[in-house]
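The values are calculated or read from the model by the stated rules, or taken from the named source; none is laboratory data. Please read all numbers here as calculations on a predicted model, not as lab measurements. As a convention, Cβ positions derive from the backbone with ideal geometry for all residues, glycine included, and neighbour counts pool all protein chains shown.
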Amino acid sequence: MQFLALIYAGEDQDDVDMETLITQYQEFEDQLDSAGIMHGGHALEAVSTATSVRVRNGQPELTDGPFAETKEQLGGYYLLECKDLDEALEWAAKIPSARYGTIEVRPVMVFEQ
């Protein structure tokens, strides 16, 4: 089963040393690679680069920034291949940003073709 681990954190984490955090992410990704479960993942640009699109009355409405008002923003994701939700949650708890942000884990929906 595939699971998407969405990484939410504040962009202004002054108490987080970025060099240490990057090292922690590299170590985590090495673990994912060794386990053979990472099928993709990327960091995202700052929330200031985001544009939200909604269609209302047949017309697109564009809004600068993220759709939701929140202190934590979606900063990246991992696409994981795990045997079940329990395994996906175990890996999500190892994501370095879980210590100060939130990791949302969701199964990827599979459509019959």
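Scanning the stretch 13-34 for residues that are of a type in the set (A, V, I, L, M, F, W, C) and either farther than 13 Å from Ser97 by Cβ or without any contact (Cβ under 8 Å) to a residue 12 or more places away in the chain (or both) gives Met18, Ile22, Leu32.
Conditions (1) surrounded by 17 or more Cβ atoms within 10 Å (Cβ to Cβ); (2) among the polar types (S, T, N, Q); (3) modelled with pLDDT under 95, marked per residue:
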{"residue": "Tyr8", "(1), (2), (3)": "yes, no, yes"}
{"residue": "Gln13", "(1), (2), (3)": "no, yes, yes"}
{"residue": "Gln31", "(1), (2), (3)": "no, yes, no"}
{"residue": "Gly40", "(1), (2), (3)": "no, no, yes"}
{"residue": "Ala50", "(1), (2), (3)": "no, no, yes"}
{"residue": "Val55", "(1), (2), (3)": "no, no, yes"}
{"residue": "Gly75", "(1), (2), (3)": "yes, no, yes"}
{"residue": "Leu85", "(1), (2), (3)": "no, no, yes"}
{"residue": "Phe111", "(1), (2), (3)": "no, no, yes"}
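Among all residues of the stretch 96-111, there is at least one that is out of contact with any strand residue (DSSP E or B) (no Cβ under 7 Å at 6 or more places or on another chain) and small (Gly, Ala, Ser). Each residue in the stretch 1-31 was checked for being touching a Gly at 6+ places or on another chain (Cβ under 8 Å), of a type in the set (A, V, I, L, M, F, W, C) and assigned to a helix (DSSP H, G or I), and 0 of them qualify.
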